[in-house]
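What follows is a single structure, written as structure tokens, with notes after it.
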Amino acid sequence: MPKPAAAVPETVGQAVIPLVNSLQDIIARLDGDAAAGLELPQVAAIGGQSSGKSSVLEALVGRDFLPRGPDICTRCPLVLQLVRHAAPEEWGEFLHAPGRQFHDFEQIKREIQLETDKEAGDNKGVSEKQIRLKIFSPNVLDITLVDLPGITRVPVGDQPSDIESRIRAMIMQYIKHPSCIILAVSPANADLANSDALQLARLADPDGSRTIGVITKLDIMDRGTDARNFLLGNVIPLKFGYVGVVNRSQEDINFNRSVQDALAFEEKFFSTLPAYNGLAHCCGVPQLAKKLNMILLKHITNMLPGLKTRINAQLVAVAKEHAAYGDTVESAAGQGVQLLNILRKYFSAFSSMVEGKNRVSTDKLSGGARVHYIFQSIFVKSLEEIDPCKSITDDDVRTTIQNSGGPKGAMFLPEVPFEILVRKQIGRLLDPSLQCAQFIYDELIKISHGCLITELQKFPVLKKRMSEVVCSFLRDGLRPAETMITHIIEMEASMDYINTSHPSFVGGTKVVELAKHEVLPPKTSTSLSGHKDGTIVGSEIQLTAERSQKSRTSLTGGSQIRNSQVGGNSSSKLPSIIPLKEPPITLKPSETEQDATEVAIVKELIKSYYDIVRKSIEDAIPKAVMHFLVNHTKRDLHNFLIRKLYRENLLNELMRETDEVLIRRQRIQEMLEILKQAHRTLEEFPIEADNIEKGYNLTEHATGLSKIHGVSGDSTNGIYTSSPNCYPPHQASHMVL
């Protein structure tokens, strides 16, 4: 039995580290997703297979308690929590066996082996499932370590062929977090540059700011060599430096030599080798324990504010979700109240999104802002980009002008071509106007899906029915909006009233001048308007070509043309009948200078009047859509939902929860209790932890290490003494944290 330690005064480390251990036990009950972001400060021990990692951990505890064997022994992550207390008893507790104390350390070893076989199989397989062991002893310092599987390259037993990559990935899952201190264990009888532990540590901690190096097996180095350069950090520098230790050999284990005997041998080894003179601060397991304790304590203090923030944020989120799930309601009255409350919240969320009163997004447009964007940046902009004369050719205009004259032709430019052509262009505005209404309808559907409140998630039938009712309501609002849009376009296209007095309408002399400048050279252009008022219809613009009516003579007798006599003189020779060409199936109007001017006038009139109508439609269509669709939804949707869904015969069906919801509610309740417990534990952290930020000298902290494991501190080399004089000045960075 180790020598009982004297009563140790309560220190900051003895208060803080056990609280973190409690937090680890609490958070370990959370599932993977819930625990994400709540990584706690801890020390992860990594190393290659047979690097001496297990011996280091046993030396820290002062007991032989880990499974041993020629092959891989650590096959599951072992979370080892060392708890220092004043009582002389020592025992262990497993998280998977609550309330049970293991006072026999051989029994602890068997329990670890049994749990490992249970989780990873009994044939050298590995598992990511943690085994959590807490050891209470007066001979330890408060430290939390994770013993990770040793890196192996050749699969044995039922290990998969990629066992090395799997173990490396498992190790990286722990050491990649900034909250993890890396304890990299490397044997002294191998090249440190090829150390598996240091290579992995460098991947997770490139600058070495949270890595502690442990050099094992110093006693079996080649004769004439030593690890002094390793320990001084001259080979691979680390912020926290290195500690050299002497392991129990396999012979020691076979002959059941105790850890206490091994520590006594270690003390003698360092005290008798001159190479390690002046390196007391980085030699021996007691110094490693002291350093780990202080580094972990400092690390916890640094991580504590962020940890509190993350736990509080998750607690608020889980509490909000728990409130949304509420309690199961069985009575019809209670279900009715719950349904009305859901409908009210849904309508409030819908209205807020439309009006822009909900939580405003900073990265994208949403809700009512998208409605405005559709009106202004899609609908209006698209109409303004339309050229009303782009699809009208000059031939189309000339043909329409001549067709409107009928068989008599036209002496003056008629109104009919202008009306026919502009009516056609205005009619083209119907499709984009209806499409605009459809876009707004689609946007309202998206809003209805986006404002599904949390309470709806537990009632899938109600959620589906509400979606159907809202879609039906919006369709009912879309129809009158489309009808109104059609009326607006038809009203403009009917040309029943042409407001030629509109201030924006270009007519009369002005349009003639525009047409003249477009068609005729400036010097040869002549006035085409004979009246001061400049009116086009009834003006003195005459067609240049005279049109006469021609009769068509019937041709008979195939290709034979007959002669006939005129008058009664039979002796005179009559001329032959002049044949006419057959008119073509499709007639194209001729193009003269006058025709070009008329075409230009009609086009200018079309552009002018179309712009007036377009601006009117750009203003009227959004108003119609807002009135019949958007505002109609804000006014009447709530009452419509109540009429359709708040019915006694539907309550049981609508308010029925699924099994998944019941399970989720139970899980949320458990998560809430766990996070509340974690929050209460955080509140227990001592105010004295502020002292740590001022820096602790490892030699001045009362830890009782000189009595740990029953090892005397009276060595000739002073390795286990607490005199500050044993620390060289150039190594101060390894002592003050």
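The values are calculated or read from the model by the stated rules, or taken from the named source; none is laboratory data. None of the values given here were measured: they were computed from a predicted structure. A quick note on method: Cβ atoms are made from the backbone with ideal geometry, for glycine too, and the neighbour counts reach across all protein chains shown.
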The residue from 259, 246 that alone is surrounded by 14 or more Cβ atoms within 10 Å (Cβ to Cβ), in contact with a Leu (Cβ under 6 Å, 6 or more places away or on another chain) and not polar (S, T, N, Q) is 246
When restricted to 367, 336, the only residue surrounded by 14 or more Cβ atoms within 10 Å (Cβ to Cβ), under 26 Å from residue 636 (Cα atoms), at pLDDT 85 or above and among the small types (Gly, Ala, Ser) is 336
*Do we find a residue being modelled with pLDDT under 75 and either surrounded by fewer than 16 Cβ atoms within 10 Å (Cβ to Cβ) or outside any helix (DSSP H, G or I) (or both) anywhere in segment 73-91?*
yes
Return yes or no: is residue 657 out of contact with any Lys or Arg (no Cβ under 6 Å at 6 or more places or on another chain) and at pLDDT below 90?
no
Could we say that residue 332 is farther than 25 Å from residue 240 by Cβ and among the small types (Gly, Ala, Ser) here? yes
Those residues of segment 477-512 which are over 30 Å from residue 640 (Cα atoms) and either modelled with pLDDT of 90 or more or touching a Leu at 6+ places or on another chain (Cβ under 9 Å) (or both) amount to 489, 490, 492, 493, 505, 506, 507, 511, 512
Within segment 145-162, of all residues that are crowded, with 21+ Cβ neighbours inside 10 Å and in a loop (DSSP other than H, G, I, E, B), the one modelled with the lowest pLDDT is 159
Looking across segment 55-72 at residues that are charged (D, E, K, R) and within 12 Å of residue 140 (Cβ to Cβ), the single one that is surrounded by the fewest Cβ atoms within 10 Å (Cβ to Cβ) is 58
Does residue 193 satisfy the criteria of being small (Gly, Ala, Ser), assigned by TED's automatic domain parsing to the domain that holds residue 149 and in a helix (DSSP H, G or I)?
-> yes
Screening 225, 211, 216 for residues that are of a type in the set (Ser, Thr, Tyr) and without any contact (Cβ under 8 Å) to a residue 12 or more places away in the chain leaves only 225
With the condition kept exactly as written, say whether any residue in segment 114-136 is touching an Asp or Glu at 6+ places or on another chain (Cβ under 9 Å), under 26 Å from residue 283 (Cβ atoms) and at pLDDT 85 or above. yes
Scanning segment 206-229 for residues that are part of a loop (DSSP other than H, G, I, E, B) and crowded, with 21+ Cβ neighbours inside 10 Å, the one modelled with the highest pLDDT turns out to be 210
Note to self: Yes or no: segment 230-242 includes at least one residue that is closer than 25 Å to residue 42 by Cβ, surrounded by fewer than 17 Cβ atoms within 10 Å (Cβ to Cβ) and touching a Ser or Thr at 6+ places or on another chain (Cβ under 7 Å).
What the structure shows: yes
When restricted to 682, 650, the only residue out of contact with any helix residue (DSSP H, G or I) (no Cβ under 7 Å at 6 or more places or on another chain) and modelled with pLDDT under 85 is 650
Handout entry: Yes/no for residue 165 being out of contact with any helix residue (DSSP H, G or I) (no Cβ under 9 Å at 6 or more places or on another chain), surrounded by fewer than 15 Cβ atoms within 10 Å (Cβ to Cβ) and in a helix (DSSP H, G or I)
Key = yes
Residues of segment 637-666 being among the charged types (D, E, K, R), part of a helix (DSSP H, G or I) and without any contact (Cβ under 8 Å) to a residue 40 or more places away in the chain, in sequence order, are 643, 659, 660
Taking first residues from segment 609-622 that are in the same structural domain as residue 372 (by TED's automatic domain parsing) and second residues anywhere that are surrounded by 19 or more Cβ atoms within 10 Å (Cβ to Cβ) and of a type in the set (Phe, Trp, Tyr), the pairs with Cβ under 8 Å that are 6 or more apart or on different chains are 609/418; 618/379; 621/379; 622/375; 622/379
Those residues of segment 422-448 which are outside any helix (DSSP H, G or I) and surrounded by fewer than 18 Cβ atoms within 10 Å (Cβ to Cβ) amount to 428
Of the residues in segment 297-324, those that are basic (Lys, Arg) and surrounded by fewer than 17 Cβ atoms within 10 Å (Cβ to Cβ) come to 308, 310, 320
task: Within segment 312-330, identify whether any single residue is part of a helix (DSSP H, G or I), within 30 Å of residue 435 (Cβ to Cβ) and at pLDDT 85 or above, and answer yes or no.
output: no
